[in-house]
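Read the structure below first, then the notes.
Coordinate-derived values only; no laboratory data. This one's a predicted model, so the numbers in the text were calculated from it and none came from an experiment. Don't worry about glycine lacking a Cβ; one is built from the backbone with ideal geometry, like all the others, and counts go over all protein chains shown.
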């Protein structure tokens, strides 16, 4: 069995974490160095992460998450944000390709205009959907990268988004796609893996 297959099989949504297992900034950076390699539409890199390790702020977030205990025991609580205005960064995102000569000026201008026009033409609903879509894609990679580095995670949607935005001073440019708790799983709290549909129930090959 390959390391990647084993990683997929080992990743679980942890319902509880061992207390007193702080995660170091260097360890977080190692995870995010892998996460930054993930795909995003037009390479706009819509995702922004807020990592909360401060115990007092973590408890405020726990209250906003309806008192869920795993927020309390987690080494860190990660808010995965999607930038609804990521398309406005198209000029600077592509500037490096222009400077390196990978794109000429005409190609650069076309790429920027094509990207911006798409997002502006399709409007706010599309911009929000894209923010959530791309942030969710990045979040899955984060959970796999964290597991590869020896950390367990749990994706969460059970929280008051408006309250979390207020606690962390998140402005309306960003949509909270999901919350991820991270820590060392308390194995004795683990429940059996939930039912998984057979492939034939969720895959149609045409």
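Taking neighbour counts of Cβ atoms within 10 Å as a proxy for exposure, in what order, fewest first, do 89, 197 appear? Could you put the intermediate results ahead of the total?
Numbers: 89 18, 197 8.
Exposure proxy ranking, most exposed first: 197, 89.
Between the Cα long axis of helix 90-99 and the first principal axis of the chain there is an angle of about 70°, rounded to the nearest 10. Histogrammed with a bin width of 10 Å, the alpha carbon distances of segment 1-58 distribute as 14, 35, 40, 10, 0 percent, first bin at zero. Between the C-alpha center of segment 105-126 and that of segment 136-206 there is a gap of 30 Å. Output the 0 to 90 degree angle, nearest 10, between the alpha-carbon long axis of helix 105-148 and the longest principal axis computed from the alpha carbons of the chain. Compared with the principal axis, the helix lies near 20 degrees. Taking other C-beta atoms within 10 angstrom as a stand-in for reagent exposure, 42, 4 fall in the order 4, 42, fewest first.
Using a simple spin-label model with pseudo-atoms 7 Å out from Cα toward Cβ, residue 43 and residue 85 lie 2.3 nm apart. Note that segment 100-152 carries a Kirkwood radius of 13.8 Å, evaluated over its alpha carbons pair by pair. Across segment 25-165, Cα-Cα distances exceeding 20 Å account for 56% of all pairs.
Comparing 85, 185, 166 in a Gaussian network model of the chain (Cα springs below 10 Å), the most mobile by mean-square fluctuation is 166.
Using Cβ contacts closer than 10 Å as the measure, can you line up 115, 53, 121 from fewest to most?
Working: 115 22, 53 17, 121 8.
Exposure proxy ranking, most exposed first: 121, 53, 115.
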